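None of the figures in this text is laboratory data; all of them are computed from the coordinates on show. No experiment lies behind these values; they were computed from the predicted model shown. Here the Cβ positions follow ideal geometry from the backbone for every residue, glycine too, while neighbour counts run over all protein chains shown.
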Amino acid sequence: MVPGDYGSWSAHIEEVPPGTRYTFALDRVNGLEERLDPASRWQPDGVHGPSAVVDLQSFTWHDEDWQGLARRDLVFYEVPSLPSFPGCPSCESWASLP
């Protein structure tokens with residue numbers, strides 16, 4: 001794999017048919033560690049399963065007339081994500097908020 005923009009990595013592998021399932025194998029001190037692709041375009045077995053190769057050139061798009069949504073129809077929702085550790089003062093104060 002080669003590094004790309006914004007911390008991403010990529011690899012081009014010839015002759016892998018669309019639908020082929022894959023994961024990443026990281027070489028760790030205790031052996032290989034299997035990881036899922038955080039930038040996957042398709043997880044046919046769900047978000048906890050392997051990703052699948054997608055052929056973007058053969059996909060037939062059907063949305064050429066879509067104009068997007070008007071600004072007044074957009075909804076933005078923010079969900080803060082904080083770790084929760086026993087005995088963590090910041091975590092306990094966050095949990096006590098109404």
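Full extension of the chain between Glu33 and Gln67 gives 7.9 nm of extra length, using 0.36 nm per residue less the Cα-Cα distance.
Taken one residue at a time, the phi angles of segment 56-69 give Karplus couplings (6.51, -1.76, 1.60, θ = phi - 60°) of 5, 6, 9, 6, 9, 7, 10, 10, 5, 8, 6, 9, x, 10 Hz. Gly and Pro are set to x.
Counted by Cβ distance under 15 Å from Ser40, the other residues give a net charge of -1, where Lys and Arg count +1 and Asp and Glu count -1. Residues in segment 23-39 carry Karplus couplings, in order, of 9, 9, 10, 8, 7, 10, 4, 8, x, 6, 10, 7, 9, 7, 7, x, 10 Hz; the curve used is 6.51 cos²θ - 1.76 cosθ + 1.60 with θ = phi - 60°, and Gly or Pro positions show x.
The residues Val53, Val29, Val2, when put in order of fewest to most other Cβ atoms within 10 Å, stand as Val29, Val2, Val53. When Phe59, Phe76 are arranged by Cβ crowding within 10 Å, least crowded first, meaning fewest neighbours, the order is Phe76, Phe59. Taking amide H atoms as placed 1.01 Å from N in the peptide plane, the amide H of Ser51 lies under 5 Å from those of Tyr22, Asp37, each 5 or more residues away in sequence or on another chain.
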